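Engineer: Before I ask anything, let me first share the structure, which is written out below as structure tokens.
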């Protein structure tokens, strides 16, 4: 993932990056998250977005379904992601550049905004993932 972020950072220099409307940057995050999934636990390829989404939620409910009743789905998803359940970015030094690239913040954010983005990263990603949960799957 490091190479991808470096490439993204170089692309930022070529054009001005500005914050997008939440309906647009959520799509960017969805595409990013799904792009990190290539195969299932047995090494079988997962190719379509629908298969990737099914894979995410099948794993989440299997591994953390017990926690939903205890803390709620949003908090359970946040905790699941904090355990590095998916291969999404997790290093603080890479989260802000990714947020700029995907359009959730403007380039050259203040230190205060950088800290807020990092502090809220896992709950933000949980919100994005739960946003694209299929309606027929929601529990």
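The values are calculated or read from the model by the stated rules, or taken from the named source; none is laboratory data. Note that the structure is a prediction, hence the values are computed from the model and not measured. Here the Cβ is made from the backbone with ideal geometry for all residues, glycine too, and neighbour counts use every protein chain on show.
Engineer: For the range 44-61, does any single residue satisfy the condition of being surrounded by fewer than 13 Cβ atoms within 10 Å (Cβ to Cβ), closer than 23 Å to residue 133 by Cβ, modelled with pLDDT of 95 or more and in contact with a strand residue (DSSP E or B) (Cβ under 6 Å, 6 or more places away or on another chain)?
Structural biologist: Checking the range 44-61: at least one residue is surrounded by fewer than 13 Cβ atoms within 10 Å (Cβ to Cβ), closer than 23 Å to residue 133 by Cβ, modelled with pLDDT of 95 or more and in contact with a strand residue (DSSP E or B) (Cβ under 6 Å, 6 or more places away or on another chain).
Engineer: When you go through (1) in contact with a helix residue (DSSP H, G or I) (Cβ under 9 Å, 6 or more places away or on another chain); (2) farther than 28 Å from residue 19 by Cβ; (3) without any contact (Cβ under 8 Å) to a residue 60 or more places away in the chain one by one for residue 51, which number turns out not to apply?
Structural biologist: Status for residue 51: all satisfied but (1).
Engineer: Oh, and also: Do we have any residue at all in the range 100-118 that's out of contact with any strand residue (DSSP E or B) (no Cβ under 9 Å at 6 or more places or on another chain), surrounded by fewer than 18 Cβ atoms within 10 Å (Cβ to Cβ), modelled with pLDDT under 95 and on the phi > 0 side of the Ramachandran plot?
Structural biologist: Yes, some residue in the range 100-118 is out of contact with any strand residue (DSSP E or B) (no Cβ under 9 Å at 6 or more places or on another chain), surrounded by fewer than 18 Cβ atoms within 10 Å (Cβ to Cβ), modelled with pLDDT under 95 and on the phi > 0 side of the Ramachandran plot.
Engineer: Of all residues in the range 121-136, count the ones that are surrounded by 13 or more Cβ atoms within 10 Å (Cβ to Cβ) and either closer than 17 Å to residue 91 by Cβ or free of Cβ contacts under 8 Å to residues at least 24 places away in the same chain (or both).
Structural biologist: Number of matching residues: 4.
Engineer: Among the residues of the range 76-103, which ones are out of contact with any helix residue (DSSP H, G or I) (no Cβ under 8 Å at 6 or more places or on another chain) and farther than 21 Å from residue 18 by Cα?
Structural biologist: 83, 84, 87, 90, 91
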